[in-house]
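Structure first, commentary second.
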Amino acid sequence: MDHATGHLLTDLPTALAAEQFDTLLQDEDCRLERIISIGHATAPGDWFDQDEDEWVVVLQGRAAVRFADEAVARSLAAGDYLWI
């Protein structure tokens, strides 16, 4: 077994045209990604849909997640997590 190591908060860009997805670990059962978002948001009226479950944790800053069946977005702060 390989022992992957790194630091989640290194090499953070200060500007991005789109979210940045970095795969940190992947096997047949799990994929772990670092997603860097600098104020990016899904366009109004567009909905993101996927087949996989997802666990999200906010390490720095804030995020908002709104589901199609909810009128108000959920606010997430550093340390908050959400199972989707």
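Taken together, the values in this text are just the output of simple stated rules run on the coordinates, not laboratory data. In this text the structure is predicted, and so the values were computed from the model without any measurement. Every residue, glycine as well, gets a Cβ built from its backbone with ideal geometry; the counts of neighbours run over all protein chains shown.
First select every other residue whose beta carbon is under 14 angstrom from the beta carbon of W83; then total the charges, Lys and Arg +1, Asp and Glu -1. Kindly include the intermediate steps, with their values, before the conclusion.
Working: positive: R74; negative: E52, D53, E54, D80.
Spelling it out: positives minus negatives among the neighbours equals -3.
What's the local net charge at Q20, with K and R +1, D and E -1, over the other residues with C-beta under 11 Å away? Mind dumping the intermediate values first?
Details: positive: R34; negative: D11, E19, D22, E33.
Taking every Cβ under 11 Å from that of Q20, the sum is -3.
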Exposed-site-free run, longest, the chain (rule: chymotrypsin sites (Phe, Trp or Tyr not before Pro); DSSP loop; at most 15 other C-beta within 10 Å): 1-46
Here are labelled values, (1) 21, 18, 11; (2) 24, 17, 13; (3) 21, 14, 10, and one is the computed semi-axes √(5λ) of the Cα gyration tensor in Å for what I pasted. Which one? (2)
The chain, Gaussian network, Cα under 10 Å: of A71, A15, A63, the residue fluctuating most is A71
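Order 30-38, 3-11 from most to least packed using the mean count of other Cβ atoms within 10 Å.
On the way: 30-38: 12.8, 3-11: 8.0.
Highest to lowest by the protection proxy: 30-38, 3-11.
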Assigned charges on the beta-carbon of Lys, Arg, Asp, Glu; the chain dipole about Cα centre (debye): 600 debye
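From Cα pairs below 8 angstrom and at least 6 apart in sequence, can you work out the relative contact order of the chain, rounded to a whole percent?
On the way: 89 pairs, mean separation 16.8, N = 84.
20 percent.
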Calculate the spin-label point distance for A77 paired with L8, positioning each point 7 Å from the Cα along the beta-carbon direction, and give it in nanometres. 1.7 nm
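So between A43 and A18, what do we pick up on full extension, going 0.36 nm a residue minus the alpha carbon distance?
Numbers: separation 25, 0.36 × 25 = 9.00 nm, distance 1.23 nm.
Taking A43 through A18 to full extension adds about 7.8 nm, to one decimal.
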